[in-house]
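J.: Quick one: the structure is below, questions incoming.
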Amino acid sequence: MEIQEQDLCSRFLAAIPLRVNADPHLVWRGRTLRADCLVQIGATAFLLRFDGGSVRECREHLPPLCPWDFAVRGSLRAWMNLWRDPPPPGWNDLFALSKRGEMSFEGNLQPFMAHLQYFKDVLTSPRAQGA
């Protein structure tokens, strides 16, 4: 893993689940959510297990064929720019990054789309407060 990828992964782990679980409004907005989400930063994958709006588990070093409901995969450049404060134009939204070819979404997208603003806020939480 290269230095930039390590930095982004460390930033992700430092912000999630601590910031998500510490925000009662965010947890409340995801109160009906129960899903396993694979988040990939460059070549590094994490499994986020959501239950009732809280992050119950955040795992790195996943076993082969680890099950998940949906995946959000982004390039290093995508995550780096998404988490800048403020992000550059065109790099500020998950779907803008998808349109650029820097991010993709896979699997059963129903829970992702049903809780879209929740996931946008969760996945941009490393940007907040100078993370």
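The values are calculated or read from the model by the stated rules, or taken from the named source; none is laboratory data. Keep in mind the model is a prediction, meaning the values are calculated, not measured. In this analysis, Cβ positions are derived from the backbone assuming ideal geometry, glycine residues included, and neighbour counts consider all displayed protein chains. Side chains included, ligands, DNA and RNA excluded: accessible areas come from the protein's heavy atoms. Shrake-Rupley method; radii C 1.70, N 1.55, O 1.52, S 1.80 Å.
J.: PRE reach from ALA43 (point 7 Å along Cα→Cβ): which of segment 62-76 fall under 20 Å by backbone N?
T.: Those under the cut-off are 62-66, 72-76.
J.: Related question: Let me know the charge dipole size of segment 1-96 about its Cα centre in debye, to the nearest 20, where only the beta-carbon of Lys, Arg (+1) and Asp, Glu (-1) is charged.
T.: That gives a dipole near 240 debye.
J.: What percentages make up the Cα-Cα pair-distance distribution of segment 23-67 when the bins are 5 Å wide from 0?
T.: Spelled out bin by bin, segment 23-67 gives 6, 22, 26, 20, 13, 10, 3 percent.
J.: Quickly work out the ARG29-to-MET113 label distance, labels modelled 7 Å from Cα along the C-beta direction, and quote it in nm with one decimal.
T.: 2.0
J.: Spin-label point model (7 Å from Cα, Cβ direction): what's the LYS120 to ARG56 distance in nm?
T.: 2.7
J.: Accessible surface of LYS120 in the full protein assembly, 1.4 angstrom probe, to the nearest 10 Å²?
T.: 40
J.: While we're on this one: For Cα pairs less than 8 Å apart in space and 6+ apart in sequence, what is the mean separation divided by the residue count of the chain, i.e. the relative contact order in percent?
T.: Relative contact order of the chain: 25 percent.
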